[in-house]
Amino acid sequence: MQISIEVVLGLREGERYERLKQLLPAIFQHMRSPMMQVGFAVPFVLRDLGLWSPWGYLLQLKQEIYQLLYAEVQERREQADSSRTDILSELIFARDETGELMADEEVRDLLLSPLLAAQDASAVAIAWLLYWTHSLPEVCEQLLRELDSLGESPNPTNVVQLPYLNAVCNEALRIYPTQLFTFPRRVESSTEVMGYELSPGTILMGCIYLLHQNKDLYVQPQQFKPERFLERQYSAYEFMPFGGGTRSCIGAALAVFEMKLVLTTILSRYQLALVNRRSEQANFDGLMCYPASSIKMVMREINQRQSQPQHFVSGSV
Ligand code: HEM
């Protein structure tokens, strides 16, 4: 979450940063609360009956987040610092095809999805990575061997290019894509897709999970086999954990970069073990694919390698 706040807003400290750090996870926690789950099944419950009602509380959280984001947008607009590289700065200075800047409200609205996506989807993907690498010791050993091949103090740029590491990350995103579906698309003019006539207004959502389980593309799709990504190059529409087309995920490169550096930092510094030896089930919860019983791990040892400077992940990205 700290990485996401920094990448999206460029904030690392301060009152606003601290409050967002509390509010953003509170939204997720609340969305998964039993009351909200009941509400999704019986929409009648989802009415604003004040702060003590589930929907009212959600609106309150959202409003506070929006106020903080709006204040940040206004302040940054006044500062007009074009040297900053966060997403907010990009949006503040972005111009549309007529040369117009976006209104502050528009910029604020665009900030929420990357803020939420950047922490939830990435964190779930990293949790799955830790699970696979620790339930299949041969995968972990091969990763460590590959990492060793880079010598004592590998440069993060070289780490993220390691082929087996890349294959492991891809396979984790294939077998349980943290986001099960693409966002919806609306058909604009009549068309035909695979024999289906689609009329204007039809809403379509791609099911990433089903695509990744297609036996014609992936032999033994239920098995975790990183080698498949070394043996074959999959096209953008055969492997699509980040969706596809012009509205695909804007954070894909960052997410994979983050996954690789977090995983290799942890593996090279600590020996962890899964608390639960049973295989982890996927919980298909709405749009996401969570580990059903969370992935609880214990730290067995700090690796000897820790004496080497292995700080791929630091306070900044
Ligand atoms: C492992 C981590 C992530 C996964 C699996 C993931 C997956 C996805 C998917 C499947 C979509 C829908 C794309 C489509 O409909 O074609 C999406 C959209 C999006 N993602 Fe991600 N995402 C991840 C991380 C991130 C990060 C780190 C950010 C921000 C820095 C981000 C920001 C967004 C945004 C803003 C959209 C909407 C794009 C649009 O509507 O044009 N995501 N993501």
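Here are some notes:
- Of the GluC sites (Glu not before Pro) found in the range 198-259, the ones in coil according to DSSP and having at most 16 other Cβ atoms within 10 Å of their Cβ are Glu227, Glu238.
- Taking a point 7 Å out from the Cα of Leu287 in the direction of its Cβ, the residues of the range 211-242 whose backbone N falls within less than 14 Å of it are 242.
- Binned Cα-Cα distance frequencies in the chain - 20 Å width, integer %: 26, 57, 17, 0
- The alpha-carbon of Lys296 sits under 28 angstrom from the alpha-carbons of these lysines, leaving out residues fewer than 8 places away in its chain: Lys21, Lys225, Lys260.
- Whole-angstrom gap from the range 257-297 to the range 75-115, using each part's C-alpha centre: 34 Å
- Karplus-derived HN-Hα couplings along the range 102-110 (A = 6.51, B = -1.76, C = 1.60, θ = phi - 60°), whole Hz, x at Gly and Pro: 7, 5, 4, 5, 5, 4, 4, 5, 6
- Here the 3J(HN,Hα) profile of the range 21-38, calculated from phi with Karplus coefficients 6.51, -1.76 and 1.60 at θ = phi - 60°, is 4, 8, 6, 5, x, 4, 4, 4, 4, 5, 4, 9, 5, x, 4, 5, 4, 4 Hz, Gly and Pro shown as x.
- Sorted by Cβ density within 10 Å, fewest first, the residues Arg269, Arg77: Arg77, Arg269
- Distance between the pseudo-spin-label points of Phe183 and Glu15 (7 Å out from Cα toward the beta carbon): 3.3 nm.
- Residues in the range 147-158 carry Karplus couplings, in order, of 5, 4, 5, 8, x, 6, 10, x, 7, x, 5, 6 Hz; the curve used is 6.51 cos²θ - 1.76 cosθ + 1.60 with θ = phi - 60°, and Gly or Pro positions show x.
Just so you know, all these numbers are worked out from the coordinates, no wet-lab data involved. Keep in mind that what you see is a predicted model, and the values were worked out from it rather than measured. Heads up, the Cβs are rebuilt from the backbone with ideal geometry, glycines too, and the neighbour counts pull from every protein chain shown.
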